[in-house]
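These notes concern the structure reproduced below.
The values are calculated or read from the model by the stated rules, or taken from the named source; none is laboratory data. Source: prediction; values computed, not measured. Cβ coordinates were reconstructed from backbone atoms using ideal geometry, including for glycine residues, and neighbour counts include every protein chain displayed. The area values use the complete protein model at the heavy-atom level, side chains included, leaving out ligands, DNA and RNA. Shrake-Rupley method; radii C 1.70, N 1.55, O 1.52, S 1.80 Å.
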Amino acid sequence: ASECPDFFQMPIENEPGKTAWVWTSANAKYLAGTFDGHRFAPDHGFTPLQNEFGHNFYAAQTYSNAPAGRRIQIAWMRDGQYPGMPFNQQLSFPTELTLHATADGLRLYRRPIPEIQTLHGRAAHLANLNIANGEKDFENLHGDLLDINATIEIATASQTGLRVAGEPIVFDVGKNTLSWLGATARLTPVDGRITLRVLVDRPTIEIFAN
């Protein structure tokens, strides 16, 4: 049993004509597999997989019959503290779900919807920065509404990452983990790099990796 369950059919990416069913729970755990109308059979057993590693994502639900067959998910950001804000609750950024067949079985991916880019104002582009043995300040980049896309080449670093709104986002090279705000998730570099998408919406930070 689970609070706020959601259950829906999705196409499997790069597998034309193939679909699977996905069950999600309030705490961002999920199962993916087959459903014959009576019995749901997850392809990796009934041990749920984790789809979100922060402390506030809860009770997520998806839209049915969205245009172009997209599966859009939004969650309640529970237990948030909003000093100085004219509200006491908040929802997450909308994300688009896709289902992928991997070597480990079916896996659900979440990415911020591309429509977020229509909200962009001033842009800044920085490239080929060599940051070794310390930190680099970007004093001209500030604000409480930010959409950050960063590609970080690890090279010989033991740790690397970003500091956003005063909060460290740290990738530990030896452990292959990404840590922030008391939460930790596994993250495996691709070709010696990690990519981070960080969305800052005044009192909240949402992070997507690789």
Exactly one of Arg110, Arg122 is within 23 Å of Glu3 (Cβ to Cβ) and either touching a helix residue (DSSP H, G or I) at 6+ places or on another chain (Cβ under 6 Å) or charged (D, E, K, R) (or both), and that one is Arg110
Within the range 110-119, is even one residue exposed (fewer than 10 other Cβ atoms within 10 Å of the Cβ), under 25 Å from Lys29 (Cα atoms) and modelled with pLDDT of 95 or more?
-> yes
Restricting attention to the range 93-122, which residues are free of Cβ contacts under 8 Å to residues at least 60 places away in the same chain, within 22 Å of the chain's Cα centre (by Cα), part of a loop (DSSP other than H, G, I, E, B) and closer than 24 Å to Val200 by Cα?
-> Pro94, Ile113, His120
Give me the pairs: first residue in the range 129-156 and outside any strand (DSSP E or B), second residue open to solvent by 80 Å² or more (accessible area, probe 1.4 Å), beta-carbon distance under 6 Å, and six or more apart or on different chains, which are they?
-> Asp144/Arg202
Identify all residues within the range 125-159 that are open to solvent by less than 70 Å² (accessible area, probe 1.4 Å) and closer than 15 Å to Arg197 by Cα; write none if there are none.
-> Leu146, Asp147, Ile148, Ala150, Ile152
When the range 93-142 is checked residue by residue, the ones that are on the phi > 0 side of the Ramachandran plot and touching a strand residue (DSSP E or B) at 6+ places or on another chain (Cβ under 8 Å) are Gly105
Given Gln50, Gln81, Gln61, which one is within 14 Å of Pro5 (Cα to Cα) and either at pLDDT 90 or above or more than 15 Å from the chain's Cα centre (by Cα) (or both)?
-> Gln61
Are any residues in the range 169-187 surrounded by 13 or more Cβ atoms within 10 Å (Cβ to Cβ) and either of a type in the set (Val, Ile, Thr) or part of a strand (DSSP E or B) (or both), and if so, which ones?
-> Ile169, Val170, Phe171, Asp172, Val173, Thr177, Leu178, Ser179, Trp180, Ala183, Thr184, Ala185
Which residues, taken from the range 1-55, are surrounded by 16 or more Cβ atoms within 10 Å (Cβ to Cβ), of a type in the set (Asp, Glu) and assigned to a loop (DSSP other than H, G, I, E, B)?
-> Glu52
